[in-house]
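Data first, discussion second: the structure below is written as structure tokens.
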Amino acid sequence: MTTRRRAGPAGGVSFQIEGPSATRAIVVHVERRSRHKAAATSERNAETRLAEAVGLAQAIDLEIAATIIAPLAAARPATLLGSGKVDEVAGLAKEKEAELVVVNAQLSPIQQRNLEKAWETKVLDRTGLILEIFGRRASTREGILQVELAHLQYQKSRLVRSWTHLERQRGGFGFLGGPGESQLEADRRLIEERIARIEKQLESVVKTRALHRKGRARVPYPVVAFVGYTNAGKSTLFNRLSGAAVLAKDLLFATLDPTMRVIDLPHGRKVILSDTVGFISDLPTTLIAAFRATLEEVLEADVILHVRDVSHAETEAQAADVSRVLAELGLGEDRLSRIIEVWNKLDLLDAETRAARLAQAARKEACVLLSAVTGEGIGRLLAVIEARLGAGDTIYEVYLDAGDGKGQAWLHRRGEVLARKNFADGRIRFNVRLTADVAGQAAARFGKMMRKASTPTRTAAE
């Protein structure tokens, strides 16, 4: 009553939860043992990786009946796990009346099929579980297409386990036709055709995003993009800065579809905030490829906020995972200067850890410790963003008549007014910071009334 299989695209199989009670599931974390002691010290803690897998399972409303850590010295081609552990999980599944076993590892189609037979339950590996979550979270047309593409690419290799009638043949055309194509071949062909159609549709998405980026360049508003491990608090921080109502819950992958908002920084500069999907360790390559069009927004951003949950025991490992994904997307060394580390969840730290983190952040060049929930540290973050965006700007002196309201409004709207001085003859001198492209527009508008400032001015008024 609680679960059933339903036909997916091209006759494949997808997992569905239904009925008043949640599906009972067992979560198995496969802990690969390293032969090298030095390498083992850098590996994540098995308990925290199991907890993350449980969080993923709970994100699709599974009822966790039991959890187990399965140490693995050498992978078995047929089942990944050794026979003893396979039997142990089979007994546990029967005892707990589990309908599903989630294996926190990548399974081959053969391994998945063999484990389903051995445990007499449905089996989801890490990739399949993440795809299930993404399928639920996607709400825009682009997000739905991206998830479907990744799902079809994943499903294509698993058609062998989706049918019990693979030997069935469809007859050929005419009376003398041959045996025709098998059901498996037909399903694979249908999936390949659907993949081709989706890829073509997503090509137009890439072009549309490129046009949007060109349009924003003409505005011009710099883009500040959020990246980070899933559940690091990106959407909470996004909401704090923008006042938007983006879904921000204590869930893995709570945000999937990208969201953008325009905000004003304290000195008047407008920026576009861009929230993106969270990263995770062992993120399937098919998902990275499918979401490349969306994540390209990060590569083009003027500032990248790497939001980290510093209350998490494995914040360093999570940061390394994010860096690996960014490198895979093409963020080179020349663009690393755009990154500002945002150490979030300050409110969850005890006094001793808080003091240590504050001292550690102070030693880093571009690092802000804050709490997106309480708002502590937000002012410093905005100041750091402004300083980063203004690093290549120039400060000018612009002299206007007191009655030139339009000119004054133009300076406030297009630049960052740092100081103002009124003279006895009625003129007003503005010290204003301008980007290179806006400076050209200002020169055309104000002419001889504008010149470079001899010394930078940081005060709000003289």
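Any read-out appearing in this document is the output of simple, stated calculations on the displayed coordinates, not a laboratory observation. All figures in this text were calculated on a predicted structure; none of them were measured in a lab. When we count neighbours, we look across all protein chains shown, and the Cβ atoms used for this are built from the backbone with ideal geometry, even at glycine.
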If each part is reduced to its alpha-carbon centroid, region 380-448 and region 51-127 end up apart, in Å, by 63 Å
In this structure, the FRET efficiency calculated for residue 348 and residue 110 from their beta-carbon separation, with R0 = 30 Å, to the nearest 0.05, is 0.10
Contact order relative to length of region 394-452, as percent, for alpha carbon pairs under 8 angstrom and 6 or more apart
47 percent
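Quick one: grab the alpha carbon gyration tensor of region 221-389, order the square roots of its eigenvalues as a ≥ b ≥ c, and give me rounded if a/c is under 1.5, else prolate or oblate depending on whether a/b is larger than b/c. Display every interim value, and only then the final one.
Values: a/c = 1.36, a/b = 1.13, b/c = 1.21.
Rounded, because the longest to shortest axis ratio a/c is under 1.5.
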Among beta bridges assigned by DSSP with both residues in region 221-389, the antiparallel ones amount in percent, to the nearest 5, to 25 percent
Quick check on packing: order 322-331, 52-61 by the mean number of other C-beta atoms within 10 Å, highest mean leading.
52-61, 322-331
Additional length obtainable on full extension of the chain from residue 313 to residue 221, 0.36 nm per residue less Cα span:
29.4 nm
Can you tell me which of 264-275, 418-429 comes out highest on packing, and rank the rest after it, using the mean Cβ neighbours within 10 Å?
264-275, 418-429
Quick check: residue separation of residue 422 and residue 208 times 0.36 nm, minus the Cα distance between them. What number comes out in nm?
72.3 nm
Taking every other residue with Cβ under 12 Å from the Cβ of residue 358 and scoring Lys and Arg +1, Asp and Glu -1, one gets +3
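Subtract the Cα-Cα distance of residue 192 and residue 267 from 0.36 nm times their separation in residues, and report this length gain in nm to one decimal.
Residue separation times 0.36 nm, minus the Cα-Cα distance, leaves 21.7 nm.
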Tell me the net charge near residue 71. Cut-off is 11 Å between Cβ atoms, residue 71 excluded, with +1 for each Lys or Arg and -1 for each Asp or Glu.
+2
Please report how many Lys pairs in region 317-462 have alpha carbons closer than 25 angstrom, counting only residues at least 8 apart along the chain or sitting on separate chains.
6
FRET efficiency (residue 200, residue 139; Cβ distance; R0 30 Å; to 0.05) is 0.85
Give, rounded to the nearest 20 debye, the magnitude of the charge dipole that region 342-449 has about its Cα centre when Lys and Arg contribute +1 at Cβ and Asp and Glu contribute -1 at Cβ.
220 debye
Evaluate the relative contact order of region 221-389 (contact order divided by residue number), counting alpha-carbon pairs under 8 angstrom at least 6 apart; express in whole percent.
25 percent
Cβ-derived FRET efficiency at R0 35 Å, residue 406 paired with residue 323, nearest 0.05:
0.15
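Taking the Cα centre of region 394-452 as origin and charging only Cβ (+1 Lys, Arg; -1 Asp, Glu), how large is the dipole, in debye to the nearest 20?
For this selection, approximately 60 debye.
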